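First the structure, in the form of structure tokens, and then the observations on it.
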Amino acid sequence: MLHTYVGRPVVLTMRTSDVNHAFWVPTMRIKQDLLAGRTTDVRFTPILAGRYRVACAELCGGGHGSMFSYVQVYANEQEWMDRFIDVRVERILNPPTDPVEVGRSLLTEGKYPCAGCHKLDDAGLGWRHRPEPGMASPIRRRAVRRPPGNPAPRAISPTRFAIK
């Protein structure tokens, strides 16, 4: 299938090596014979959006009846881009250069486990939900130190590390 849009000049360079064929788009009134062993160009500029059938108009052999395809003409270049270009692939090929946008895309796509708890909105980075009563949150968690050889943790007193 050939994809293009209204107003875009199209040049098809075609070659056949076996027998004569004919590129024919009846609705667009385009027909070009292809002679075996020669290169042929056909030029056209679509003026109406739509889907147009392409067929071989030269009796060329046993598979002649199954030689058809389509020309898909979109209304404008933006519609062509929206329907033909995959946004996910475009994002991979042309990633944002702003580090904030890179971080935003990583969190919104849910690729990393951080997106399970954190959310990113206009207010900034936050939590998706409040910690449940039994959950230890980073804010409420106390620093814990394990002395060598002592498997039982003990809480560090905030006054112990006070600057004197």
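The values are calculated or read from the model by the stated rules, or taken from the named source; none is laboratory data. It should be emphasised that the depicted structure is a prediction, and the values quoted were computed from it without experimental measurement. Here the Cβ is made from the backbone with ideal geometry for all residues, glycine too, and neighbour counts use every protein chain on show. All accessible areas refer to the heavy atoms of the entire protein, side chains included, with ligands and DNA or RNA removed. Shrake-Rupley method; radii C 1.70, N 1.55, O 1.52, S 1.80 Å.
Listed values, structure above:
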| quantity | calculated |
| --- | --- |
| From the C-alpha gyration tensor of the range 40-93, square roots of 5λ in Å | 30, 16, 10 |
| Ranked packing of 43-49, 59-65, most packed first, by mean Cβ within 10 Å | 43-49, 59-65 |
| Student exercise, the range 1-109 dipole from Lys, Arg, Asp, Glu Cβ charges, in Debye to nearest 20 | 420 |
| For the range 1-61: Kirkwood Rh in Å [reciprocal of mean 1/r, alpha carbons] | 12.4 |
| Length added when fully stretched, Gln78-Asp33, from 0.36 nm per residue minus Cα-Cα | 12.9 nm |
| Check: the range 1-62 dipole with +1 on Lys, Arg Cβ and -1 on Asp, Glu Cβ, in debye | 260 |
| ³J(HN,Hα), Karplus 6.51/-1.76/1.60, whole Hz, each residue of the range 68-76, x for Gly, Pro | 8, 7, 9, 10, 9, 10, 8, 5, 8 |
| ³J(HN,Hα), Karplus 6.51/-1.76/1.60, whole Hz, each residue of the range 56-62, x for Gly, Pro | 8, 9, 10, 5, 10, x, x |
| Heavy atoms of Ser17: accessible area, 1.4 Å probe, square angstrom to 10 | 110 |
| Residue (of Asn76, Ile30, Tyr5) at the positive-pole extreme of the range 2-107, dipole from beta-carbon charges | Ile30 |
| Long-range HN-HN contacts of Thr16 with modeled amide H, under 5 Å | Gly37, Arg38 |
| Amide proton proximity set for Val10, modelled H, under 5 Å, gap of 5+ | Phe44, Thr45 |
